[in-house]
1. Among the strands (runs of 3 or more DSSP E) confined wholly to the stretch 376-466, which include 3 or more residues that are surrounded by fewer than 15 Cβ atoms within 10 Å (Cβ to Cβ) and within 16 Å of the ligand (Cβ to nearest atom)?
2. For residues that are near the ligand (Cβ under 9 Å from one of its atoms) and of a type outside the set (A, V, I, L, M), tally how many sit in the stretch 179-196.
3. What pairs come out if I take residues in the stretch 158-173 that are hydroxyl-bearing (S, T, Y) and more than 9 Å from the ligand (Cβ to nearest atom) and pair them with residues that are at pLDDT 95 or above and open to solvent by 10 Å² or more (accessible area, probe 1.4 Å) whose C-beta lies under 6 Å away, six or more apart or interchain?
4. Would you please name the residue that is least open to solvent (accessible area, probe 1.4 Å), looking only at residues in the stretch 197-206 that are in contact (Cβ under 8 Å) with a residue 40 or more places away in the chain and within 11 Å of the ligand (Cβ to nearest atom)?
5. Determine if the stretch 49-60 includes at least one residue that is touching a strand residue (DSSP E or B) at 6+ places or on another chain (Cβ under 8 Å) and without any contact (Cβ under 8 Å) to a residue 40 or more places away in the chain.
6. Among the residues of the stretch 354-373, is there at least one that is open to solvent by less than 10 Å² (accessible area, probe 1.4 Å), within 16 Å of the ligand (Cβ to nearest atom), part of a strand (DSSP E or B) and not β-branched (V, I, T)?
7. Look at S271 and say whether it is open to solvent by less than 10 Å² (accessible area, probe 1.4 Å) and within 16 Å of the ligand (Cβ to nearest atom).
8. Give the residues of the stretch 207-223 that are open to solvent by less than 60 Å² (accessible area, probe 1.4 Å) and under 24 Å from N153 (Cα atoms), sorted by residue number.
Amino acid sequence: AAAESLEDRNPATGELLARVPLSGAADVDEAVAGARGAAGEWARVSPLLRMRAVFRLREVLDEHREELARLVTRDMGKTLADARGEVGRGIESVEAACGLPHVLKGESLSGVAQGVDVELIRQPVGVVAAITPFNFPAMIPLWFLPYAIATGNAFILKPSEQDPLTSERIVELIDGIEEIPAGVVSLVHGARAAVGALLEHPGIDAVSFVGSAATARFVASTAAAHGKRVQALGGAKNAMVVMADADPGLMTAGVTSSAFGAAGQRCLAGSVAVLVGEPDEQDRSRELILAATRELVVGDGADPATDVCPLVSPAARERVEREIELALDGGCELALDGRRDGGRAGAELGPTILDGAAPDSRVVREEIFGPVLALVRAPHLDAAIELVNAARYGNASVIFTSSGGSAREYRSRVQAGMVGVNIGVAAPIAWFPFAGWKDSFNGDLHANGRDAFEFYTRRKVITSRW
Ligand code: NAD
């Protein structure tokens, strides 16, 4: 129903894929009315039947795995291998949500007084919305959707306006699943106005958000001001600590895939490498990283030879190039220059490595969300931990080392929600919660895992005497 629309283009070829309607309050009203109409009855469906409906969703997504991965590549740009991984991770969340009967079982204590028993049950929150970013157009909606409906809620998805086709296809597949009644899952397109309408709508009980830090903060405060339960996952600046004793193969594979995979457009992207040790050890780590990075091939994500895909749009490339220039103006050394002509659609940018940045400079502290890696140096692990923990973000952090003692020290002291040891992109499997600390997260309950079941249910405690 929206009058205005945005162009959605393939980031590698520039092909026009769709015009995305910029919906506002009227479309949100309609979606909420449909969701409220469906929510009551869906909540009364047996948890076993809801589990089977989610299991059916798992089968349907599995049957369309390759189609969805190709859609992710066309619309968002990432390599097909990466897109397949993303779709696999999304399906994993659906599998985790199938555990619902076990997790939803309540607690009880009988005989707390003469003839008195106490029982805790969990009930759905009602109508819930998720607002998702462009960088994982299949996986992130699936961090929320399967748990929300498994627990008996109606779910409204507002995908990123930059690449909504995968979400649209997933919702279309759900429309074909008999076990999931109409209105239980719906989709609203749009951007800021649609988000504002969702946050203020009295018919929405809970909001899940993933996106940049500033928007996450805005969403968390606005949703809370309107009496909603909210979880808002924000941006990141993830540090990778490279100890001098790191296994060179594990370290270079981990650092390069983390910094440059998906062109740095991941919330778990490692965008700062802290080289630890004596100056000659730091230099050796730098040379290893540079040599491995020079091997990476930049190009269309649909080409199997490509390691580094285009950015999501030419505008994103221009923004990242400006960040590189700012860092150079600030005195950084350009250890590897990835700037190039931008490719067919003007969105390509090669891996860029900046050395010598001050620890508190913008390129070390702020998210760039592109294929840009800043190198900083620390004489020993303590100094590295101090440097990492001074950041405003705390999404993920990684250490590469062959010392169990260093790894143990790091994992216990680092301020981050997700930590990797000798693993570049340490994304927890779906049975564990996913979220960061500090400015990377607003809320209490994380995405995925048990937290998801908690977020989408309200607890009720019943005390009875018979
Ligand atoms: P974004 O914040 O621009 O957009 C996210 C969503 O918010 C979209 O649906 C968009 O339409 C909406 N939105 C954007 N600006 C808004 C505004 N002013 N008011 C209301 N709604 C608005 O984020 P993006 O560029 O799509 O995604 C990249 C960001 O997401 C990065 O910062 C990345 O770190 C972060 N991210 C975080 C995680 C995590 O787990 N913490 C995961 C993936 C991405």
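1. Correct list: empty, since no element meets the threshold.
2. Looking only at that region, the number is 3.
3. Here the result reads T166/L71, each pair linking the stretch 158-173 to a residue that is at pLDDT 95 or above and open to solvent by 10 Å² or more (accessible area, probe 1.4 Å).
4. L198
5. No, the stretch 49-60 has no match at all.
6. Yes - at least one qualifying residue is present in the stretch 354-373.
7. no
8. V207, S208, F209, V210, G211, A216, V219, A220, T222, A223
The values are calculated or read from the model by the stated rules, or taken from the named source; none is laboratory data. Nothing here was measured: the structure is a model prediction, and the numbers come from that model. Every residue, glycine among them, receives a Cβ derived from its backbone with ideal geometry; neighbour counts consider all protein chains shown. For accessibility, only protein heavy atoms count, side chains too; no ligands or nucleic acids. Shrake-Rupley method; radii C 1.70, N 1.55, O 1.52, S 1.80 Å.
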